[in-house]
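Here is the structure we will look at, set down as structure tokens.
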Amino acid sequence: MTLSSQAYARQAQATDPIPHIDVVVEKIPPGSETFRGTTGPRGEIAIRDLEAGYYEVRDMNNTVRAGIRHRGGPARWQLRQQRDSRRPIWTLADQSDPL
């Protein structure tokens, strides 16, 4: 089964960046806070140096979470939310430079 370019475009537009929201980044385990800040105008989070491992980003009310595995070093992630969902569903996109 192949998808047309229109189907790919619709799929790519199924999420929107979440700008200017206060978030907390935690390393799992142990669940300790690593970063606290606000997403940028395109939903981005930039952190200078992180240990390798699994991280969760949550809102300040601890009602919505998204997780991502990081290889270590600087991180640049984009927080996105699915459109047309009854409850918020977040995803994180790793936009870190691999070099």
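Read-outs throughout are calculated quantities, based only on the coordinates presented, and are distinct from any laboratory measurement. What you see is a predicted model, and the numbers here were worked out from it, not measured in a lab. Neighbour counts run over all protein chains shown; Cβ positions are idealised from the backbone, glycine included.
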Could you pull out every residue, at least 5 positions away or on a different chain, whose amide H is within less than 5 Å of the one on S96? Hs are placed 1.01 Å off N in the peptide plane, and Pro or chain starts have none.
R76
Under the classification rounded if a/c is under 1.5, otherwise prolate if a/b is larger than b/c and oblate if not, where does the range 20-68 fall, given a ≥ b ≥ c as square roots of the Cα gyration tensor eigenvalues?
oblate
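Determine, for T34, T15, the number of other Cβ atoms within 10 Å of each Cβ, and report the residues in order from fewest to most. Walk me through the intermediate numbers first.
Details: T34 16, T15 19.
Ordered by Cβ neighbours within 10 Å, fewest first: T34, T15.
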At 7 Å along the Cα-to-beta-carbon direction for both R71 and D16, put a label point, then send me their distance in nm to one decimal.
3.3 nm
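Can you sort T39, T91 from fewest to most other Cβ atoms within 10 Å of each residue's own Cβ?
On the way: T39 20, T91 15.
By the 10 Å Cβ count, ascending, the order reads T91, T39.
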Per-residue Cβ neighbour rank within 10 angstrom, fewest leading, S32, S96
S32, S96
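Please compute the contact order of the range 14-94 in relative form: average sequence separation of alpha-carbon pairs under 8 Å and at least six residues apart, divided by the residue count, as a percent. Don't skip to the end; give the middle numbers.
On the way: 190 pairs, mean separation 24.5, N = 81.
Dividing the mean separation by the residue count of the range 14-94 yields 30 percent.
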Check I89: other-chain or 5+ apart residues with amide H under 5 Å from its amide H, H built from backbone geometry?
Q82
By how many nm would the segment from E51 to Q82 grow when fully extended, if each residue of separation counts as 0.36 nm and the alpha-carbon distance is taken off?
8.3 nm
